[in-house]
1. Please specify each residue of region 78-127 satisfying the condition of being under 20 Å from Glu67 (Cβ atoms), without any contact (Cβ under 8 Å) to a residue 60 or more places away in the chain and within 14 Å of the chain's Cα centre (by Cα).
2. Can you find, within region 49-92, the residue that is most open to solvent (accessible area, probe 1.4 Å) among those that are among the aliphatic types (A, V, I, L, M) and within 21 Å of Ile137 (Cα to Cα)?
3. For region 63-74, which residues satisfy the criterion of being part of a helix (DSSP H, G or I) and not aromatic (Phe, Trp, Tyr)?
4. Consider Ala60 against the criteria (1) part of a loop (DSSP other than H, G, I, E, B); (2) at pLDDT 85 or above; (3) out of contact with any Asp or Glu (no Cβ under 7 Å at 6 or more places or on another chain): it satisfies all of them except one. Which criterion is unmet?
5. Which numbered condition trips up Val18, out of (1) modelled with pLDDT of 60 or more; (2) surrounded by 12 or more Cβ atoms within 10 Å (Cβ to Cβ)?
6. Could you grab me the full set of residues in region 75-116 that are more than 16 Å from Lys37 (Cα to Cα) and in a loop (DSSP other than H, G, I, E, B)?
Amino acid sequence: MIIGVDNNLYVNDKAKNVTFRSSNKPIQYCIIRVDKKFYNLEAVEGWEYHMEREGQILNADSTKTYENRILIGDENIYNNLDQRIKGVQTRKDSCIARDMILTASSSFFRNLSKGDFEKWLSLNVEWLKKNYGDNCIYAVLHMDESTAHIHV
């Protein structure tokens, strides 16, 4: 899903048609990907392992992991979710959490000032809080991969 230069939202094949200006140079765009569904806390525990870099992560540069930072919540994702759903009646096949990624094209981040990067971060956190409120229990900025992104 992308927002085109005309400020309209495009999904799937339509997105491909608006990602280039007439000059065929890539434009900058935002990316929101709603990904995995989690049906049990054990699956969330594995996700926490990856998000918090608790072991060797193949696609992450361990020399840059110190640049990662938690934007919402804390590193105890499993425990926080357990507390959030405690007492809630769920079926065996109920989705208890979703993974979401917020990022932008690599050209957006290229030559972006630190101030503008922080503005991008704060706008994303503001959007998450406005749209998900207390249901968003965790967000982390990953700077140790090829493109900066926020996992929620």
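The values are calculated or read from the model by the stated rules, or taken from the named source; none is laboratory data. Small disclaimer: the values here were computed from a predicted structure and weren't measured. Cβ placement follows ideal geometry from the backbone for every residue including glycine, while neighbour counts extend to all protein chains displayed. Protein only, heavy atoms only, side chains kept; ligands, DNA and RNA dropped before computing areas. Shrake-Rupley method; radii C 1.70, N 1.55, O 1.52, S 1.80 Å.
1. Passing the criteria: Trp120, Leu121, Ser122, Leu123, Asn124, Val125.
2. That would be Val88.
3. Thr65, Glu67
4. Only one criterion in (1) part of a loop (DSSP other than H, G, I, E, B); (2) at pLDDT 85 or above; (3) out of contact with any Asp or Glu (no Cβ under 7 Å at 6 or more places or on another chain) is unmet by Ala60, namely (3).
5. Result: Val18 passes all but (1).
6. Glu75, Asn76, Lys86, Gly87, Val88, Gln89, Ser105, Arg110, Asn111, Leu112, Ser113
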